[in-house]
1. Limited to segment 39-65, what total is found for residues that are in contact (Cβ under 8 Å) with a residue 24 or more places away in the chain, in contact with a helix residue (DSSP H, G or I) (Cβ under 6 Å, 6 or more places away or on another chain) and assigned to a loop (DSSP other than H, G, I, E, B)?
2. Taking the residues in segment 235-276 that are open to solvent by 70 Å² or more (accessible area, probe 1.4 Å) and more than 28 Å from Ile210 (Cβ to Cβ) as candidates, determine which candidate is nearest to the chain's Cα centre (by Cα).
3. Which condition breaks for Asn254 when tested against (1) at pLDDT below 95; (2) near ligand 1 (Cβ under 10 Å from one of its atoms)?
4. Is it the case that Gly320 is near ligand 1 (Cβ under 8 Å from one of its atoms), modelled with pLDDT under 90, small (Gly, Ala, Ser) and not in a helix (DSSP H, G or I)?
5. Scan (1) within 21 Å of Gly322 (Cβ to Cβ); (2) in contact with a Pro (Cβ under 7 Å, 6 or more places away or on another chain) for the single condition Ala151 breaks and write down its number.
6. Pull up segment 327-359, narrow it to residues that are within 12 Å of ligand 1 (Cβ to nearest atom) and over 19 Å from Ile268 (Cβ atoms), then point me to the one that is surrounded by the most Cβ atoms within 10 Å (Cβ to Cβ).
7. Which residues, taken from segment 276-294, are away from ligand 2 (no atom under 16 Å from the Cβ) and touching a Gly at 6+ places or on another chain (Cβ under 9 Å)?
8. With of a type in the set (Ser, Thr, Tyr), in contact with an Asp or Glu (Cβ under 7 Å, 6 or more places away or on another chain) and open to solvent by less than 90 Å² (accessible area, probe 1.4 Å) as the only criterion, which of Ser281, Ser302 stands out?
Amino acid sequence: MDHNNDKEIKHVFNSKIQHKHRVPIQNGFVFKFVKKDNDFIHTFSEGSFLKKLGLSSSSVVGKPLSGFLSGDQLNEARYCYETAWNGNIFSLEGSLNGFHYVASLTPIIINSEVVEVTGTVFEITEYRNSVLKIQELEKLSLIGELAAGIAHEIRNPLTSITGFVQMIQERSNDEITDTYLEIALQELKRINTIVNDFMFIAKPKENMEIRNVNIHSLVSYVIEFMKPQAILKDIQIVELIDSDLTFTTRCDPNQLTQVLINVIQNAIEATSGRQQKIVVSLKNVNENDFLIEIADQGDGISQERQKRLFEPFYTTKEKGTGLGLMMCKRIIENHDGSIEVNSQPGKGTTIRIILPKVSDF
Ligand SMILES: Nc1ncnc2c1ncn2[C@@H]1O[C@H](COP(=O)(O)OP(=O)(O)OP(=O)(O)O)[C@@H](O)[C@H]1O
Ligand SMILES: [Mg+2]
C-alpha cells in the first residue's frame, strides 16, 4: 500500500470543498465515519438526498447509526460499516423510506490501519422505477404472446372434452358418477374462463365493439345481475344514480359490463360482515368525464398490497386467477379512462372508474 497516496486521499476527503467538487451531491450524499468505543460515529455528511430521507447534516454528524436507524435497517447498516472498517470496499443497493439508492463505502487506510471510512450514496429511485415499469411491460407482452399461442391450443381439446363429459353425463344413471361429472364440468368451465381471459389480454383493443350506450341503463343492469350473489351473502347493493345523468356514451358495452362485474365481484368477495353495503354510484365529474364509483365496507387493502393489484396473477384468493383487475385496467385505458383504488384496511375499498362522455374511437 502506498502511504503517500493514502495521505493524499485523506486530505481530499477531509476537505468539505473538495467533496462538493468531487461528488454530485445533488443526487445523493457523501459521509464519513469512524469507529469509537465500539460504535460508528459520523464525522461528516452532506448532500440533498439526506433531506429526502428525512435526515440532515446535523442529525447525522456526531451521531451513531442508532441515532437515525432502527431494527433490520440498523443491523444491516452495522454489518456494512463493520465490513468497511475491516478494510474492505463495500457496495450495496438498498431502499429507505420509499427511496432507492446505491452506496459504496471506502476505507481510508494509513499505516495499514483503517482511520476512517468514506461513503457515497446515489439516489436511483427514478431509474429503478422505470426499470420496474419496463419489466412490467415486458412481462405483459410476454403474457400476450403466450396467451395467443396457448389459448388456441387449449381451446379445441377443451371443447371436445366438455362435449364428451356432457355426453357421458346424459348416459349416466349413477348419482355418484353424476356428481363427479358435474364437478368436472365446473372445472372445465373455469379453465375455459381463464383461457378466454388470456385471449382477451392478448388482443383487447382489436376485440372492441364500440356503440352508443346509455350508461345509466348499463350500470343498473349490472347491479341487477349481481344482486342474487350479494343477497346470498346478505349484502345489499345500493344504486346511487343522479336522475339527470341520462347521457349516452360511446363504449364497448360488453367490456364495460365485464369491468363492473369484476369490480363488484371483488367487492362481494371482500365483504364478510352481514348486512353490509356496496354502493354503486354514477356521477358527473365535469362536462367531459363521468365517474362510476364502487364502494364496499369489506376487508380493505393494505398500502403494500395496493401497489400490486393490477399485476397479472396477483391474487390473495385460493381460487382467484388475479387477472380481474388487470383486465379492468386494460379495458378502461382502451376507453381513454382511468381506474383508481382507494382503500383503508378494516374499513373498505372504493374503486373509481373515470371515463370520457365522448371518445374518438
Ligand atoms: N374490493 C376489494 N377489497 C379488498 N381486496 C380487493 C378488492 N378488490 C381486489 N382486491 C384484492 O386484489 C386482488 C386482485 O384482484 P383481481 O380481481 O385482479 O383478482 P382476484 O379477484 O383475486 O381473481 P380473479 O382473477 O378471479 O378476479 C384480490 O385477490 C384481492 O386481494
Ligand atoms: Mg377479481
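1. Residues that pass the stated criteria total 1.
2. Glu269
3. (2)
4. Yes.
5. (2)
6. Arg330
7. Answer for segment 276-294, where residues must be away from ligand 2 (no atom under 16 Å from the Cβ) and touching a Gly at 6+ places or on another chain (Cβ under 9 Å): Gln276, Asp289.
8. Ser281
The values are calculated or read from the model by the stated rules, or taken from the named source; none is laboratory data. Just so it is clear, the structure is predicted and the values come from calculations on it, not from any experiment. Reconstructed Cβ throughout: ideal geometry from the backbone, glycine too, with neighbour counts over all protein chains shown. Note: accessible area is taken over every heavy atom of the protein model, side chains too, but ligands, DNA and RNA are not part of it. Shrake-Rupley method; radii C 1.70, N 1.55, O 1.52, S 1.80 Å.
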